[in-house]
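Peer 1: One structure follows; several queries about it will come next.
The values are calculated or read from the model by the stated rules, or taken from the named source; none is laboratory data. If you're wondering where the values come from, they're calculated on a predicted model, not measured in any experiment. Cβ coordinates were reconstructed from backbone atoms using ideal geometry, including for glycine residues, and neighbour counts include every protein chain displayed. Surface accessibility is based on the protein's heavy atoms, side chains included, excluding ligands, DNA and RNA. Shrake-Rupley method; radii C 1.70, N 1.55, O 1.52, S 1.80 Å.
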Amino acid sequence: MPRLDTQQSPMAPYHIRQYQDSDHKKVLDLFTRGMEEHIPATFRHVLMLPRTILLFLGLPLAMVLVSGSWLLATVCIFSLLLVLRLLARQPWKEYVAKCLRTDMADITKSYLSVCGSGFWVAESGNQVVGIVGGLPVKDPPVGRKHLELLHLSVSSQHRGQGIAKALIRTVLQFARDQGYSDVVLETSVLQRGAETLYLSMGFRRTGQYFMSVFWRLMNILTIQLKYSLSSA
């Protein structure tokens, strides 16, 4: 299997190559860990919402006024924290479960057996330390051909070495070679580092929306980004 990109870093060399079936378990582990890393940020975001602050102030006070028990009020606060923590976990867990049932269940079938799609891994020291995929978008705008960048993730121990940029460049070059006009992707306002990286590489915002009722209640926007190859 040819190596697509090889770089030396102060820590360890890495190279980008096409996904192989033997990578499956490592890729799923990396993908799952990457998604679960967003749970603490989601929890902090929910805690800082005005409606949450009002809830934490009002509900314990109501409990004290009704029952006269500060102990009950304290239990109420801890119970609220537990519920909010579970709520912050749920959408990420559901997203991982959905992907493991669909495109990530059989990566070779989903990405390598489909014309105009691909899946790549970054390897360092015989370990998979980064992943990214690309699938053609169904029903793109008239006259355009879109490739969607999916599942970009780099292990926490190997960040800061340019691996994410190398994976993105791999997708962009693949898109050029396949005659795509644009590379598109979605991220969330919670993933500020990812958005900053994409913008620094030439992507631009094209829209935003709430992915579900839960995201609307939690005021978490999904951000749409696009890289136009025809004008790059």
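Peer 1: For the list (1) under 17 Å from Asp21 (Cβ atoms); (2) surrounded by 15 or more Cβ atoms within 10 Å (Cβ to Cβ); (3) out of contact with any Leu (no Cβ under 6 Å at 6 or more places or on another chain), I need the number of the one condition that Ser117 fails.
Peer 2: (3)
Peer 1: Yes or no: Ala175 open to solvent by less than 30 Å² (accessible area, probe 1.4 Å), out of contact with any Cys (no Cβ under 6 Å at 6 or more places or on another chain) and within 23 Å of Gly143 (Cα to Cα)? Steps first, please.
Peer 2: Working: open to solvent by less than 30 Å² (accessible area, probe 1.4 Å): yes; out of contact with any Cys (no Cβ under 6 Å at 6 or more places or on another chain): yes; within 23 Å of Gly143 (Cα to Cα): yes.
Considered against the rule, which asks whether it is open to solvent by less than 30 Å² (accessible area, probe 1.4 Å), out of contact with any Cys (no Cβ under 6 Å at 6 or more places or on another chain) and within 23 Å of Gly143 (Cα to Cα), Ala175 comes out as yes.
Peer 1: Could you pull out the residue among Ala105, Ala122 that is touching a Cys at 6+ places or on another chain (Cβ under 9 Å) and either open to solvent by 40 Å² or more (accessible area, probe 1.4 Å) or not in a helix (DSSP H, G or I) (or both)?
Peer 2: Details: Ala122 fails: touching a Cys at 6+ places or on another chain (Cβ under 9 Å).
Criteria check complete, one pass: Ala105.
Peer 1: Anything in region 174-210 that is more than 13 Å from the chain's Cα centre (by Cα) and without any contact (Cβ under 8 Å) to a residue 12 or more places away in the chain? List them, or say none.
Peer 2: Selection gives Asp177, Thr196, Ser200.
Peer 1: Name every residue in region 205-232 that is among the β-branched types (Val, Ile, Thr) and part of a loop (DSSP other than H, G, I, E, B), in order of residue number.
Peer 2: Within region 205-232, the subset among the β-branched types (Val, Ile, Thr) is 206, 213, 220, 222-223.
If the condition is that a residue be among the β-branched types (Val, Ile, Thr) and part of a loop (DSSP other than H, G, I, E, B), then Ile220 is the only one that fits.
Peer 1: Would you confirm whether any residue within region 204-223 is under 26 Å from Tyr19 (Cα atoms), at pLDDT 90 or above and open to solvent by less than 70 Å² (accessible area, probe 1.4 Å)?
Peer 2: We begin by selecting, within region 204-223, every residue under 26 Å from Tyr19 (Cα atoms); these are none.
No, region 204-223 contains no residue that is under 26 Å from Tyr19 (Cα atoms), at pLDDT 90 or above and open to solvent by less than 70 Å² (accessible area, probe 1.4 Å).
Peer 1: Would you check which residues across region 19-63 are open to solvent by less than 20 Å² (accessible area, probe 1.4 Å) and over 20 Å from the mean Cα position of the chain (by Cα) and list them?
Peer 2: If the condition is that a residue be open to solvent by less than 20 Å² (accessible area, probe 1.4 Å) and over 20 Å from the mean Cα position of the chain (by Cα), then Leu49, Thr52, Pro60 are the ones that fit.
Peer 1: Given Ser212, Ser228, which one is of a type in the set (Gly, Ala, Ser) and under 20 Å from Thr42 (Cβ atoms)?
Peer 2: Values: Ser228 fails: under 20 Å from Thr42 (Cβ atoms).
Unique residue meeting the criteria: Ser212.
Residues checked against (1) closer than 22 Å to Thr32 by Cα; (2) in a strand (DSSP E or B); (3) modelled with pLDDT under 90:
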site	(1), (2), (3)
Ile168	yes, no, no
Leu172	no, no, no
Glu186	yes, yes, no
Tyr198	yes, no, no
